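A quick write-up on the structure given underneath.
The values are calculated or read from the model by the stated rules, or taken from the named source; none is laboratory data. Computed from a predicted model, the values in this text were never measured in an experiment. Glycine gets a Cβ as well: all are built from the backbone with ideal geometry, and neighbour counts include every protein chain shown.
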Ligand SMILES: Cc1cc2nc3c(=O)[nH]c(=O)nc-3n(C[C@H](O)[C@H](O)[C@H](O)COP(=O)(O)OP(=O)(O)OC[C@H]3O[C@@H](n4cnc5c(N)ncnc54)[C@H](O)[C@@H]3O)c2cc1C
């Protein structure tokens, strides 16, 4: 149930775990302590404020579905949407957020003007690139480690109802890699994703608006309201005898081929051959002068490529351990290639790996948590434990 007075709860100093819709996959919002839940899509819509100039102020507990419908009715849209929209604004901003439009617009957090953040004493402050810039840099993509995002001011773009979508089948992973690399080098594409699902390799490329001249192929279509129509097939619910173990790695575009090769080497071997439901690929082009968020999955490279592995594993400790072990090897490879894990997923981050990935940002996280009295908030996260163990 959503917390009525989040600042009072946080300010009480009792151990707390922050939660939006609870869709992260690595136990981030699972706790024996108290949960502070912000997700309240039904009531949040009344609290949206249009600030003019394309800026919109949104409560963190709103879902993207409601927000996008609200915006579209007013001729606006949010530039980057996830493939499943019933997740909280605060929860996805706390992990990064990317989707098919990331090839054009980067991450969701790249379109945040400012956030209202509640610290460990219950005090609230607005943070942006210029006001409390370090809190801004650590909160977005930061898993709630530097406080609760209560509201966010987002930059929107004009709404285009139609998208021209071009779907391509690929004969091999090698062909898919080459195709993805070619698209990553172009800057005229608005939508891109690719997947391996049910043995089929395919990609989707799209352009906003109705541009007939591109429609020379039978696999083209004009799709209205693509964010509401297009689903990768990733289900939010999991059968009760299975657990959802999902992970995504994001590497600089030039390192995508070796990253995919590492995954390909495991595709026909246990446990991946039994548990993989989908392999998913997105291109992420960051805007110029993007903020170097401390823990977001996409680094400072102008163009990166994300590789997601989504598995559905029997509730059997050995099967779960085998899958996590394989993920751990892939995470090592991602790290060697200069990439980052997407922290909403399953990532067994030990202290040394956290150190390699985040370096001095871990020191700064420790300082921010201490100076804003946040020791009792989200203390169970491996990222936080790494700061405690390696800095004490
Ligand atoms: C079906 C499905 C499809 C998905 N598709 C995509 C996709 O296309 N692209 C993509 O980028 N991701 C995708 N994801 C991952 C998703 O973005 C993350 O799981 C995200 O965290 C979900 O938001 P949530 O509200 O459920 O967050 P939660 O899981 O509740 O929280 C995530 C983290 O943020 C913290 N947190 C939550 N709310 C706040 C807040 N208000 N202030 C500070 N910290 C907070 C929590 O403590 C936790 O550490 C998908 C997940 C699912 C289940």
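Tabulated values for the structure
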{"read-out": "Region 281-299: number of residues that are crowded, with 21+ Cβ neighbours inside 10 Å and either assigned to a helix (DSSP H, G or I) or out of contact with any helix residue (DSSP H, G or I) (no Cβ under 9 Å at 6 or more places or on another chain) (or both)", "value": "1"}
{"read-out": "Filtered residues of region 53-74 (kept if away from the ligand (no atom under 13 Å from the Cβ) and crowded, with 19+ Cβ neighbours inside 10 Å)", "value": "56, 68, 71"}
{"read-out": "Failed item, numbered, when residue 349 is tested on (1) in a loop (DSSP other than H, G, I, E, B); (2) exposed (fewer than 15 other Cβ atoms within 10 Å of the Cβ); (3) at pLDDT below 95", "value": "(2)"}
{"read-out": "Yes/no for residue 77 being away from the ligand (no atom under 15 Å from the Cβ), touching a helix residue (DSSP H, G or I) at 6+ places or on another chain (Cβ under 7 Å) and outside the structural domain of residue 310 (by TED's automatic domain parsing)", "value": "yes"}
{"read-out": "Qualifying positions in region 1-34 - in a loop (DSSP other than H, G, I, E, B) and near the ligand (Cβ under 10 Å from one of its atoms)", "value": "20, 21, 22, 23, 24, 25, 26, 27, 28, 29, 30, 31"}
{"read-out": "Test: residue in region 35-52 that is within 8 Å of the ligand (Cβ to nearest atom), at pLDDT below 95 and in contact with a helix residue (DSSP H, G or I) (Cβ under 7 Å, 6 or more places away or on another chain)", "value": "yes"}
{"read-out": "Odd one out for residue 165, checked against (1) under 24 Å from residue 95 (Cβ atoms); (2) modelled with pLDDT under 95", "value": "(1)"}
{"read-out": "Residue in region 248-258 that is assigned to a strand (DSSP E or B), within 16 Å of the ligand (Cβ to nearest atom), modelled with pLDDT of 95 or more and farther than 21 Å from residue 189 by Cβ present", "value": "yes"}
{"read-out": "Matching strands (runs of 3 or more DSSP E) fully within region 85-176 where at least 1 residues are over 30 Å from residue 202 (Cα atoms), over 19 Å from the mean Cα position of the chain (by Cα) and away from the ligand (no atom under 12 Å from the Cβ)", "value": "124-128"}
{"read-out": "Meets criteria (within 24 Å of residue 325 (Cβ to Cβ), in contact with a strand residue (DSSP E or B) (Cβ under 8 Å, 6 or more places away or on another chain) and buried (at least 19 other Cβ atoms within 10 Å of the Cβ)) for residue 272", "value": "yes"}
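Quick grid of which residues meet (1) more than 16 Å from the chain's Cα centre (by Cα); (2) modelled with pLDDT under 95:
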| residue | (1), (2) |
| --- | --- |
| 262 | yes, no |
| 269 | yes, yes |
| 272 | yes, yes |
| 276 | yes, no |
| 281 | no, no |
| 286 | no, no |
| 295 | no, no |
| 301 | yes, yes |
